[in-house]
Amino acid sequence: MTDDIILKFTNADLLIDDSAYKKIVEQEHSNQIVDSLIKDLSGSNDNLIFLTEPIVDQYIQKYLSKYDPQNYANQDSDIIEEMYNEINNNKTPRNKLLDVPFDFHVIQDATKKSYTNGEIKDFSAYFNNRFQKIKAMLIKKPGLKDSYPMKDVGVRDDVVNVIGMVNDIRNTKNNHKIMEIEDETGSITVLIHNENHSLFELAESVVKDEVIGVIGSKKGTLVIASDIIHPSVPRIDEKKMDFSAVFISDIHIGSSTFLEDAFKRFVKWINGDFGDEEQRKIANDVRYLVVAGDVVDGIGVYPHQEEELTIKNIYEQYEEAARLLGDINDIKIIIAPGNHDASRLAEPQPAIPENYAADLYKIKNAEFVSNPSLVSLDGLKTLIYHGRSFDDLAMTINGLSHQNSDLIMRELIEKRHLAPIYGERTPLASEFEDHLVIDEIPDIFHTGHVHINAYKKHKGIHMINSGTFQSQTEFQKIYNIMPTCAEVPVLNKGAFKILKFT
Ligand code: D5M
Ligand code: FE
Ligand code: ZN
């Protein structure tokens, strides 16, 4: 401890005499004072600073008067809060796992890469980028190595082998499927015969605007499909995980249906102060908390929303969010926006803007990322996506619904796209790059939005929907959506667990 202080000063090019040193170590928060002193002096141009007792004494007095709780009333509350955060964050970590520095980094984030406001002129660039990215994946698949441009379909005699974007897919009156697909050279009409049962079933999940491979034979101007190929993913090896990560979403702070008590129990648990022995043991391993959007309920998201709000101001909603999440100690919190947050609605949604959520940004260890985004948690690649496109997929594909978002997630991974259908309820910004293509294969795919928990492992990928902290809303009553509330998914050293805080 003693040596630590001297080492800190030496590293900061600060020299200290004996009496000054004694003065510091007798303080209750000596470590915090040392850090603060070093921080304050680090801007100095002097090469070496010699700290004497009067200097240190003066600093300590200033420090204590600034941060003494008894002087609260006279002080700028921000500074005091910052100081207390600092003291809290500098206290001894709860366990060994938290001693290890976070190996957190952002692999993909669209926050600063969004250049357009979705004007029509960018449509073709956007779609072309989507097509090229997914085509590059498809062309590596064994069945599509020999694929050729669509303009050649008419002039060649061999099997049809093409990669294209689906323009349209519909049922004929005899219940076959007709699909128009195109690439940059032309388009073809593909028939999927209903007697080819397995292929017909596969085609049931093909949607407009996705990119697929088609193999078939020519019959007049039609192509009769014998196979449809999705970009898909290979099975991945599960990475070793010696810590826990916690996944939440759809907190909806500010809504009258936000389950505040349950959320506070959750925060107590994550801090190691709530739950049975087993649950506390899990809490002790937690290094990361990921929040996949809808942190607050927002304002003006749907008609007459104000009638269901307890906090009717977006800034105050984020202030409340900062109070609640700010109570979490030691762990890294990664926050992405959802359709209720104060970010651009069109996806990719840039990170929640700091000017709306200033206090949230002050939380130490908080990181703000776009929706979607890909981050690395101690080497585990985690794809975060709120899940707005689930509404479109549940409406379009037979057998998919809000209740089974694991099936939807599986579909998205196979399609290598987070929002394949363009122009329905999911507003997509027509950027020059399609940020919703799943470029990299994640270890964890974390979503929310549907307010119903789901989990499945698909080809080694943990697919998690983290439910909600909001009880059933008026809107959900009409649609008979039964939310799973305050049930929190945890990957505990690789094992999936659900902890309930209801
Ligand atoms: O979404 C909460 C729930 O409501 C989730 O199950 C999706 C559903 N929802 C929201 N908006 C729509 C629309 N427009 N159509 C169908 N279902 C919808 P949240 O984002 O929290 O409001
Ligand atoms: Fe939500
Ligand atoms: Zn949502």
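The values are calculated or read from the model by the stated rules, or taken from the named source; none is laboratory data. What you are looking at is a predicted structure, and each value in this text was computed from that prediction instead of being measured. Don't worry about glycine lacking a Cβ; one is built from the backbone with ideal geometry, like all the others, and counts go over all protein chains shown. Accessible surface areas use protein heavy atoms only, side chains included; no ligands, DNA or RNA. Shrake-Rupley method; radii C 1.70, N 1.55, O 1.52, S 1.80 Å.
Computed per residue of the chain from DSSP H runs no shorter than four, each worth -39500 (n - 2.57), the mean residue ellipticity at 222 nm is -8500 deg cm²/dmol. Across the stretch 450-459, coupling constants 3J(HN,Hα) worked out from phi with the 6.51/-1.76/1.60 Karplus curve, θ = phi - 60°, read 7, 6, 10, 4, 8, 8, 7, 9, 10, 6 Hz, and Gly and Pro carry x. Placing a label point 7 Å from the Cα of Asn480 along the Cα-to-Cβ direction, the residues of the stretch 362-403 whose backbone N falls under 16 Å from that point are 395, 399-403.
Which residues in the stretch 440-464 place their backbone N less than 19 Å from a point set 7 Å from the Cα of Arg425 along the Cα-to-Cβ direction? Residues 447-454 qualify, since their backbone N sits under 19 Å from the label point. Partners of Lys219 within straight-line reach, counting lysines whose Cα lies under 22 Å from its Cα and excluding those fewer than 8 residues away in the same chain: Lys151, Lys173, Lys177. Note on Asp57 and Lys218: the extension gain reaches 49.0 nm, defined as 0.36 nm multiplied by sequence separation minus the Cα-Cα distance. Rolling a 1.4 Å probe across all protein chains gives Thr484 an accessible area of roughly 30 Å².
How many percent of DSSP beta bridges within the chain run antiparallel, rounded to 5?
Details: 54 of 84 bridges.
The answer is about 65 percent antiparallel.
Karplus-derived 3J(HN,Hα) values for the stretch 131-146, using 6.51 cos²θ - 1.76 cosθ + 1.60 with θ = phi - 60°, are 4, 5, 4, 7, 4, 4, 6, 5, 5, 7, 6, x, x, 10, 4, 9 Hz; glycine and proline are entered as x.
How much accessible area per residue does the chain have, in Å², with a 1.4 Å probe? Before the final figure, lay out the partial values.
On the way: 23150 Å² over 502 residues.
Heavy-atom accessible area per residue stands at 46 Å².
For the stretch 190-264, state which trypsin sites (Lys or Arg not before Pro) are in a DSSP loop and have at most 10 other beta carbons lying within 10 Å of their beta carbon.
Working: sites: Lys208, Lys218, Lys219, Arg235, Lys239, Lys240, Lys264; in loops: Lys208, Arg235, Lys239, Lys240.
Answer by residue number: Arg235, Lys240.
Straight Cα distances below 16 angstrom link Lys497 to the lysines Lys281, Lys456, Lys457, with same-chain residues fewer than 8 positions distant left out. Taking amide H as placed 1.01 Å from N in the peptide plane, Tyr455 has its amide H under 5 Å from the amide H of Asn465, each at least 5 places away in sequence or on another chain.
On the protein heavy atoms, probe 1.4 angstrom, tell me the percent of accessible surface of the chain carried by carbon and sulfur. If you can, show how the numbers build up before the last one.
Working: 11460 of 23150 Å².
The C+S portion of the solvent-accessible surface of the chain is 49 percent.
For Phe123, the solvent-accessible surface with a 1.4 Å probe is about 70 Å², rounded to the nearest 10. With the whole protein complex present, Lys268 retains an accessible surface near 110 Å², based on a 1.4 Å probe. For the chain, the dipole from Cβ point charges (+1 on Lys and Arg, -1 on Asp and Glu) about the Cα centre works out to 1860 debye, to the nearest 20. Just check the chain against the gyration tensor rule for me: Cα atoms, a ≥ b ≥ c as the square roots of the eigenvalues, rounded for a/c under 1.5, and otherwise prolate or oblate depending on whether a/b exceeds b/c. Since a/c reaches 1.5 and a/b is larger than b/c, the shape of the chain is classed as prolate. Annotation: extensible slack from Lys151 through Met395 equals 84.5 nm (criterion: 0.36 nm per residue apart, minus Cα-Cα distance). Round to the nearest 10 and give me the degree value, 0 to 90, for the angle of helix 30-41's Cα axis relative to the longest principal axis of the chain. Roughly 80 degrees between the two axes.
A straight Cα-to-Cα reach below 18 Å connects Lys141 with the lysines Lys133, Lys415, Lys459, residues fewer than 8 places away in its own chain not being considered.
Once a ≥ b ≥ c are taken as the square roots of the eigenvalues of the Cα gyration tensor of the stretch 292-390, is the result rounded (a/c under 1.5), prolate (a/b larger than b/c) or oblate (a/b not larger than b/c)?
Values: a/c = 2.24, a/b = 1.27, b/c = 1.77.
Cα axes put the stretch 292-390 in the oblate bin.
In order along the stretch 5-21, phi translates into HN-Hα couplings of 5, 4, 4, 4, 5, 4, 4, 8, 6, 10, 9, 9, 8, 4, 5, 5, 4 Hz, rounded to whole numbers, per the Karplus curve 6.51 cos²θ - 1.76 cosθ + 1.60 with θ = phi - 60° and x for Gly and Pro.
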